[in-house]
Amino acid sequence: MPQPEAMAARALCPALDADWIEQKIIRSYVRLAMEPHDEDGCRAVTLVRRGGLEVRLMEVPSDEMIGLPAFWLELRSQMTGATIDSLGCYEFDEDELSAAVMFVQDATHRLPLLH
């Protein structure tokens, strides 16, 4: 059973809770299908935004990325458009979803430091 302190921290900052992040990634994955393509043929959904930084899920056209993952989580600067860090995923199986959750948790911790 979670400790009261851990439950309180999750209530104040759900972006640090693994279950919340996992649900956010799954919902974003589904939302990608409804997003329009940008000029490069990519689609993106923002998971977390703080200040000028964001964590987003991107889908890249498979014909441009032969052999590379179609889905990418990115820690990105909104001001410059630069990607600070990224993680590629093929299909969000159990291992990839776990790695994606850890990526978002780490990025969420880094947002205040980078902002």
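Nothing in this text is a laboratory measurement; each read-out follows from the coordinates by a stated rule. Small disclaimer: the values here were computed from a predicted structure and weren't measured. Virtual Cβ from ideal backbone geometry, glycine too; neighbours counted across all protein chains shown.
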| Chain lengthening between Thr83 and Ala18 when straightened (0.36 nm per residue, less Cα-Cα) | 21.1 nm
| Rounded, prolate or oblate: which fits the range 32-115, taking a ≥ b ≥ c as square roots of the Cα gyration tensor eigenvalues, rounded meaning a/c under 1.5, else prolate when a/b beats b/c? | oblate
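Round to the nearest 0.05 the FRET efficiency obtained for Arg50 and Val30 when R0 = 22 Å and r is the Cβ-Cβ distance.
Details: r = 23 Å, r/R0 = 1.07.
Once the sixth-power term is evaluated, E becomes 0.40.
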